[in-house]
Amino acid sequence: MSKFKVGDKVKILGSKGFLRNCVGFIKDFDTFYGEYCIDLSSYSLAFDCYFFKEDDLELVKEDALPQTVREVIKQTEENITKSDEVFVKDTEVIVNSAGGIKFDQGKLDYTLLLKDLPNSVESVVKVLELGSKRYGRTNYSKVETERYEASVLRHIMSHLSGDLIDNDSGEPHLSHAICGLLFLVERQRAKDN
């Protein structure tokens with residue numbers, strides 16, 4: 001016996017990260033796969049309906065969470081103009097369990113580097129600091145591209161041959177290679193701009 005029925009208002013728990021805490025309505029139940037089709041059309045996502053197992057859903061009491069993004073915006077007492085409504089429709093919206101809303105589409109997520117790869121970032125920064133002390137902070141901009149390409153390849157070859165740590169810095173050869181690649185990308189982007 002299923003614990004939900006068509007028309008029930010449900011909150012998505014945690015299985016699909018980008019939909020976590022979204023609220024929708026049970027549209028249908030797929031008996032073959034044992035999944036509920038949840039209508040999330042009010043969020044203007046890629047699809048109007050997403051499928052979830054029963055354990056991924058929680059019944060929502062009528063006043064517990066707002067039904068749509070527009071209701072969340074009304075609750076925050078923002079003045080929405082016609083152009084803002086179009087923006088809401090075309091924007092990835094994240095609504096938390098308290099009804100908080102944040103528009104993050106098109107914004108860079110620096111936590112992908114700084115939070116998710118802290119050991120790698122620390123090692124690269126150590127190599128950058130060593131180079132800055134030895135050669136000067138922006139010396140890379142004065143050195144020929146070919147020299148950095150050669151340096152990157154030397155560090156990668158050292159790594160591939162089993163010599164993982166650079167004797168001079170005590171940091172991985174790959175961190176040195178990453179620094180060289182960063183210099184090359186920075187120079188290319190500066191040249192393009």
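None of the figures in this text is laboratory data; all of them are computed from the coordinates on show. These numbers come from a predicted model, not from an experiment. In this analysis, Cβ positions are derived from the backbone assuming ideal geometry, glycine residues included, and neighbour counts consider all displayed protein chains.
Could you give P(r) for region 112-192, binned at 10 Å from zero, as whole percent values over all Cα-Cα pairs?
18, 49, 30, 2
At 0.36 nm per residue, minus the direct Cα-Cα distance, what do residue 125 and residue 48 gain on full extension? Give it in nm, one decimal, please. Please list the in-between numbers first.
Numbers: separation 77, 0.36 × 77 = 27.72 nm, distance 4.44 nm.
Residue separation times 0.36 nm, minus the Cα-Cα distance, leaves 23.3 nm.
Sorted by packing (mean other beta-carbon atoms within 10 Å per residue), highest first, where do 144-153, 165-174, 21-30 land? Can you show the working numbers first?
Numbers: 144-153: 13.3, 165-174: 15.8, 21-30: 18.7.
Those peptides, ordered most packed to least, come out 21-30, 165-174, 144-153.
At 7 Å along Cα-to-Cβ for each site, give me the label-to-label distance between residue 13 and residue 109 in nm.
Computed distance between label sites residue 13 and residue 109 equals 2.2 nm.
Which far-off residues, 5 or more places away or on another chain, put their amide H under 5 Å from the one on residue 57, with H placed in the peptide plane?
13
Given the pairs 107/191; 9/115; 27/107; 27/61; 3/61; 3/27, which are separated by over 26 angstrom at their Cα positions? Each step should come with its number before you reach the end.
Working: 107/191 24 Å; 9/115 35 Å; 27/107 32 Å; 27/61 17 Å; 3/61 14 Å; 3/27 14 Å.
In this structure, 9/115; 27/107 exceed 26 Å between Cα atoms.
Would you please give the residues with an amide H less than 5 Å from that of residue 165, counting only those at least 5 places away or on a separate chain, with H modeled from the backbone geometry?
173
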